[in-house]
Amino acid sequence: HETTMPVELQFSATIESASGLDSRSAYVIGTKAALSAAGCYAAVKDAVCPNGEVSEEVFDRSVKALEEGDKGDMVPMYGKDAAVMCITQKCSRNNCPARPDTVKGLLKAHVARKKDCIVVLLCEKSYVAALSAAICRSAPPDFNMKSTATKEAFVMTVVVIPVGSGGMEALSDGEVAGLNALKAGIERTRRLVDAPTNVLNTDGMLKEVSDVASDGATGGKVSYKVIRGDEVKEMGMGGLWNVGMAAPAPPALAILTYEPDNASPDTKTVCWVGKGIVYDTGGLSIKSKTGMPGMKRDMGGSAAILGAFEAAMKIGVPYRLHALLCLAENSVDSVAMRPDDIITLMSGKTVEVNNTDAEGRLVLGDGVFYAASVLKPALILDMATLTGAQTMATGKKHAALLCNDLTTEQSFVRAGLATGDLVYPIVYCPEIFMQAFSSEVADMKNSADDRNNALASCAGHFIEAHLPADYAGQWVHIDMATPVQEGERATGWGVALLLKAGGILDL
């Protein structure tokens, strides 16, 4: 199956010699304060006025005409080929101050023209990561199988100019490289989440893993390992095996490892564990005709972790980083897992299956146990499109965050506010919520007994219950069931959050 890549997006610190606005477009976007700063026109002139198209007078008048409404504002300066856009600064305490959520509404229609363009971003330095990620999401998505889809890509150059108290500043080469790595991670994540399962099954995901591992790394080396098929069963990964055994393409645990050049036995180790259900029919507890479409996105956690790992290895990581992708298709067949089956996870704990559509927690239970027992990390993070209850708990823009350590929880909240990949804590109380999984014949059931009892927390605690009893590190669970998409398209959510929370993206 051939897909298209309609845009070649690249970040830069400078405006290279630009052609006139007859052959490409120019859009200047930023906060009103940055657009009004001294020297702004001089900084953007080569983009908007290579041949005298937009004078300083027109630019200044256009900036003054901008209104800081709830959604920002746009003023055209040269027909459809040049515009200035203002990002609103109205913000509550649980939103990103940069307001990246407004960028797509301002920019998408302009870049959708699929004409070469320059986007100049002017903002406070602390806003660069969030607004750069938002610009990536405003670009046309990579995946498109329409017969009429263009095969020719247009070039979208994003020039980032931080504005400080002393005026216009410049990004370093390393910071530009970091933004291009972030862009690559978001693009891959969006493409994978948008792809249907007849294009991207577990085989396809393993090909993506191989592609990432074979790319060059900065400051270290990358390796990967795959545990697949009967080996999954033989190693005791009863969750991953039973969820995926009915599908034609067998389940797999893929482990990517970044090892810093200066690593020692004492080097800190971090594990990211992603739910990678390439399609979720619900199994024998089958979904409805309206509930099943869109379940190609049930691998969104693994996609985000793979995208973030790709970006991380290109930037360089000061610690040992493992990305574990729990890959399976929850299918229906004569050998499919049944309600009432009792399965044993790698943790040794038995689970009475009372809902085959609560499968993500089963594969992640094996994933976090493998991470803790084999890789010995200081921190384990699992990311998943886990529950519909996430939307009820934290809404469409904020992922649900469950964490066993308050300091770590707060650091992820701050990272979300800095990047626009927003997270909000849900109740952490395993001693109460695990009672909802009580079973007469096994250690636990896999689905809670009360559908009104904080199900997002319950599902997260089920995963936590499969960590080894002697695991003393931090555990972070992120349920991003709704932020993974906007309308019918993937958002690339999670890449920027992981890079920022992990201290990898220094912006």
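The values are calculated or read from the model by the stated rules, or taken from the named source; none is laboratory data. No experiment lies behind these values; they were computed from the predicted model shown. Reconstructed Cβ throughout: ideal geometry from the backbone, glycine too, with neighbour counts over all protein chains shown. Quick note on the areas: whole protein, heavy atoms, side chains included, nothing else; ligands and nucleic acids left out. Shrake-Rupley method; radii C 1.70, N 1.55, O 1.52, S 1.80 Å.
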Taking V476, is it touching a Gly at 6+ places or on another chain (Cβ under 6 Å) and of a type in the set (A, V, I, L, M)?
no
Residue count, segment 219-237 (criterion: within 20 Å of T350 (Cα to Cα) and open to solvent by 10 Å² or more (accessible area, probe 1.4 Å))
6
Out of G166, G174, I need the residue that is surrounded by fewer than 20 Cβ atoms within 10 Å (Cβ to Cβ) and modelled with pLDDT of 95 or more. Which one?
G174
Among residues belonging to segment 459-470 that are out of contact with any strand residue (DSSP E or B) (no Cβ under 8 Å at 6 or more places or on another chain) and open to solvent by 20 Å² or more (accessible area, probe 1.4 Å), point out the one that is farthest from M346 (Cα to Cα).
D470
Can you name every residue in segment 191-207 that is open to solvent by 20 Å² or more (accessible area, probe 1.4 Å) and of a type outside the set (A, V, I, L, M)?
R191, P196, T197, N198, N201, D203, K207
Those strands (runs of 3 or more DSSP E) lying entirely in segment 10-117 with at least 2 residues of a type outside the set (V, I, T) and open to solvent by less than 40 Å² (accessible area, probe 1.4 Å)
25-31, 82-87
Residues of segment 177-189 being buried (at least 17 other Cβ atoms within 10 Å of the Cβ), of a type outside the set (D, E, K, R) and out of contact with any strand residue (DSSP E or B) (no Cβ under 6 Å at 6 or more places or on another chain), in sequence order, are G178, A181, L182, A184, G185, I186, T189
Can you find a residue in segment 278-286 that is part of a strand (DSSP E or B), over 23 Å from Y471 (Cβ atoms), open to solvent by 50 Å² or more (accessible area, probe 1.4 Å) and out of contact with any helix residue (DSSP H, G or I) (no Cβ under 8 Å at 6 or more places or on another chain)?
no
Six or more apart or on different chains, Cβ atoms under 6 Å: show the pairs whose first residue is in segment 418-445 and under 30 Å from A133 (Cβ atoms) and open to solvent by less than 20 Å² (accessible area, probe 1.4 Å) and whose second is part of a strand (DSSP E or B) and not basic (K, R).
V423/A399; V423/L401
Give me the residue from segment 316-346 that is among the small types (G, A, S) and open to solvent by less than 30 Å² (accessible area, probe 1.4 Å) and, out of that set, nearest to the chain's Cα centre (by Cα).
A323
Could you please find all residues in segment 392-414 being open to solvent by 10 Å² or more (accessible area, probe 1.4 Å), more than 15 Å from L467 (Cβ to Cβ) and in contact with a helix residue (DSSP H, G or I) (Cβ under 9 Å, 6 or more places away or on another chain)?
M392, A393, T394, K397, H398, S411, F412, R414
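Here is a yes/no grid of residues against (1) outside any loop (DSSP other than H, G, I, E, B); (2) under 27 Å from Y279 (Cα atoms); (3) among the small types (G, A, S); (4) modelled with pLDDT under 95:
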site	(1), (2), (3), (4)
D366	yes, yes, no, no
F369	yes, yes, no, no
V374	yes, no, no, no
Q410	yes, no, no, no
V413	yes, no, no, no
G416	yes, no, yes, no
Filter segment 136-163 down to residues that are free of Cβ contacts under 8 Å to residues at least 60 places away in the same chain and under 26 Å from P97 (Cα atoms) and give me whichever is surrounded by the most Cβ atoms within 10 Å (Cβ to Cβ).
S138
Where the second residue is of a type in the set (D, E, K, R) and open to solvent by less than 10 Å² (accessible area, probe 1.4 Å) and the first is under 12 Å from I277 (Cβ atoms) and in a loop (DSSP other than H, G, I, E, B) and lies in segment 350-361, which pairs have Cβ atoms under 7 Å and are six or more apart or on separate chains?
E359/D280
When K500 is run through (1) open to solvent by 30 Å² or more (accessible area, probe 1.4 Å); (2) part of a loop (DSSP other than H, G, I, E, B); (3) modelled with pLDDT of 95 or more, the failure sits at (2)
Failed item, numbered, when A112 is tested on (1) touching a strand residue (DSSP E or B) at 6+ places or on another chain (Cβ under 9 Å); (2) without any contact (Cβ under 8 Å) to a residue 60 or more places away in the chain
(1)
Check D298 against each of (1) in contact with a Ser or Thr (Cβ under 6 Å, 6 or more places away or on another chain); (2) of a type in the set (D, E); (3) assigned to a loop (DSSP other than H, G, I, E, B) and name the one condition it does not meet.
(3)
When both residues are 6+ apart or on different chains and their Cβ atoms are under 7 Å apart, which pairs have a first residue that lies in segment 449-478 and is closer than 15 Å to I432 by Cα, and a second that is polar (S, T, N, Q) and open to solvent by less than 30 Å² (accessible area, probe 1.4 Å)?
L455/T387; A456/T387; A456/Q390; A459/T387; F462/N446
Suppose the filter is outside any strand (DSSP E or B), surrounded by fewer than 20 Cβ atoms within 10 Å (Cβ to Cβ) and in contact (Cβ under 8 Å) with a residue 40 or more places away in the chain; does T290 pass it?
no
